Number of protein chains: 2
Amino acid sequence: MEGNNSVTRTVFFVSDHSGVTAETLGQSLLSQFERLSYRPVTLPFISSPERAFDALHKIDAAAQADGSRPIIFSTLVRDTEREIVKGAQGLFLDFFDAFLGPLEAELGQKSTHALGRYHGMIDVATYMTRIEATNFALANDDGAQTREYERADVVLIGVSRTGKTPTCLYLALQYGIYAANCPLTGEDLEEASLPRTLRGHERKLFGLTIDPLRLQQIRSVRRPDSRYASLQQVQLELSASEQIYRRFRIPQLDTTHSSVEEISSRILEVTGIPRRLRT
Amino acid sequence: MEGNNSVTRTVFFVSDHSGVTAETLGQSLLSQFERLSYRPVTLPFISSPERAFDALHKIDAAAQADGSRPIIFSTLVRDTEREIVKGAQGLFLDFFDAFLGPLEAELGQKSTHALGRYHGMIDVATYMTRIEATNFALANDDGAQTREYERADVVLIGVSRTGKTPTCLYLALQYGIYAANCPLTGEDLEEASLPRTLRGHERKLFGLTIDPLRLQQIRSVRRPDSRYASLQQVQLELSASEQIYRRFRIPQLDTTHSSVEEISSRILEVTGIPRRLRT
């Protein structure tokens, strides 16, 4: 992985919560540097001075071992812990540090610097929305058990392995959206018709498609050398599914180069379905 | 929601990708202001000058309609789009703007400012890891269909409605972790014993628990006035499950005040299971 002039660093993601936000932002920043390889270390739940000193010692130990300065991405809300970790031998980048000042000036308010407000208190309503949406996605997965399409916000359709299931689950967990999914198979593909169970729900349908070579690769991992994974079969299925999308004027999305998160966000954008939850 | 001296603003989350990072960061910053209520608007996939001008016009229209400056959280990688949106009438806070400079200086490299590197290219291996982990979580949910506990990284246990299912799915989607779950019920609770299917897998078990009043609330939404949702039943079950955790030395976590994201992160921290995926 290391080319000429490439740099190797240890990178710490330090947070008083899960660390996911620090990881996400830090990784997107670091992906902008082509000649960098790094060892990621997440230090979550740094929510007391003791834990902050632990973090400091870990970072300093890495600096010593590496012979180079670690990079520290931090989302520490409280000044106490932040000031401690800031003392480590490394480049310290903190989101609250950078942005709370301008926000305080703009809003004419002091920020609370309070822990626990970070992701909001989890109340029963929020919890239930997420759970119910997740249960809905599970129950209405793959056209299998139940088909409560009248309760669905959206019904994803597409041939096998186009990303329907993980997208439905992400829509439920992240946004509280009721997302069902139904595969396009066999006769329906041959006749370019919609599965009977979907009729009457055309306006909720959203079609997924993918590059044939990519789909062949994905299916081959599952069932190598099968007809299911052959390029010919994959091309036939995808072309038939896209014909269905055009025929019934179903919006469609190519998932080849997209993450589950991006697919989900794009579905909300195209359909205009409102988020039931914000993080 | 608005008290004395409270401020209302429109807040835009602008991104060339899904907008989730901008939303997460922006919301955690805004949660630090007690006298602020805001209308959130996400503008994802701002990846061309045309889309950037659209965003600019939307922000300026909100400024006009509100009679106050919108706040703009941005994760725009490319200078072209960022400079356009920066021209809007509002407080513009961009995460790349703030941190790329110090990172370039530290690493002695210029950043690529390239689109599409933001969440990394989605390769087949990453996709498959996520899918396989998700399928594993679905198949091994609630002790129902399959019980491939030998393949599991972790097996979550707990009484009904302690958050096992969404946590397993989050572990799969976010980290590629193989997480199964199994409910503690009936006889096993009465005898403070482990379900037979879990025996031999004690080292993979992780127990969830929750405040009895919270659990009563959650169960009441599902089955009001049932024995299942009675405080007495809930207290009995929780106390028996905690006895099981102690008896078999199973690490446990109280999920009452935690989001699915936090629970997942804490499980990784306590167990030391390595992430198979980074975002």
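Read-outs: derived from the displayed coordinates by stated rules, not from any lab. Note that the structure is predicted; figures quoted are calculated from it, not measured. Cβ: placed from backbone, ideal geometry, glycine included. Neighbour counts: every protein chain shown.
Quick notes on this structure:
- In summary, the lysines within cross-link reach of B:Lys164, defined as a Cα separation below 21 angstrom excluding same-chain residues under 8 places away, comprise B:Lys204.
- GNM flexibility winner over chain B from B:Leu30, B:Leu215, B:Leu238 (Cα, springs under 10 Å): B:Leu30
- Sites B:Leu236 and B:Asn135 - FRET efficiency at Förster radius 30 Å, r taken between beta-carbons, to 0.05: 0.30
- Distance from segment B:164-206 to segment A:214-279 (C-alpha centre basis), Å: 32 Å
- Most mobile listed residue (A:Glu187, A:Glu202, A:Glu34) in chain A, GNM with C-alpha springs under 10 Å: A:Glu34
- Mean separation of Cα contacts under 8 Å (6+ apart) over length of segment B:124-271, as relative contact order %: 25 percent
- Gaussian network model of chain B, springs between alpha carbon atoms under 10 Å - residue of B:Thr80, B:Thr185, B:Thr167 with greatest fluctuation: B:Thr80
- Cα gyration tensor category, rounded, prolate or oblate, for the protein assembly as shown with a/c compared to 1.5: rounded
- Potential extension, A:Leu213-A:Gln89 segment - 0.36 nm per residue separation minus Cα distance: 39.9 nm
- Furthest towards positive pole of dipole, B:Gly19, B:Phe45, B:Val7, structure part segment B:1-51, Cβ charges: B:Val7
- In this label model, A:Ser193 and B:Leu277 are separated by 3.7 nm, measuring between points 7 Å along each Cα→Cβ vector.
- Radius 12 Å from Cβ of A:Arg69, net charge of other residues (Lys, Arg +1; Asp, Glu -1): -2
- Förster-model FRET efficiency, 25 Å R0, A:His257 and A:Ala125, C-beta, rounded to 0.05: 0.10
- Number of partner chain Cβ atoms within 10 Å, mean per residue of B:11-22: 4
- Counting only DSSP H runs of at least 4 residues, each contributing -39500 (n - 2.57), and dividing by the residue count of chain B, the helix-based mean residue ellipticity at 222 nm comes to -14000 deg cm²/dmol.
- Under 5 Å, built H, 5+ apart or other chain: amide partners of B:Gln252: B:Gly207
- Applying 1/(1 + (r/R0)^6) with R0 = 30 Å to the Cβ-Cβ distance of B:Lys110 and A:Ala65 gives a FRET efficiency near 0.60.
- Of A:Lys58/A:Lys110; B:Lys58/B:Lys86; A:Lys110/B:Lys86; A:Lys86/B:Lys110, pairs whose Cα-Cα distance is over 23 Å: A:Lys58/A:Lys110; A:Lys110/B:Lys86; A:Lys86/B:Lys110
- Taken residue by residue and averaged, Cβ atoms of other chains lying within 10 Å of the Cβ of A:64-71 number 1.
- Counting neighbouring Cβ atoms within 10 Å and putting the fewest first, the residues B:Cys182, B:Cys168 line up as B:Cys182, B:Cys168.
- Residues whose amide H comes within less than 5 Å of that of B:Ile46, counting only those at least five positions distant or on another chain, are B:Ser15, B:Asp16, B:His17 (H built at 1.01 Å from N in the peptide plane).
- Mean separation of Cα contacts under 8 Å (6+ apart) over length of segment A:7-107, as relative contact order %: 32 percent
- Exercise: per-residue mean of other protein chain Cβ atoms within 10 Å, B:158-167: 2
- Sorted by Cβ density within 10 Å, fewest first, the residues B:Lys110, B:Lys204: B:Lys110, B:Lys204
- In this assembly of identical copies, the label point of B:Ala65 (Cα plus 7 Å along Cα-to-Cβ) is separated from its counterparts by 5.3 nm, sorted shortest first.
- Global form of segment B:228-279, assessed from the alpha-carbon gyration tensor, a/c cut-off 1.5: oblate
- Shape of segment B:124-271 from the C-alpha gyration tensor: prolate (a/c of 1.5 or more and a/b above b/c, with a ≥ b ≥ c the square roots of its eigenvalues).
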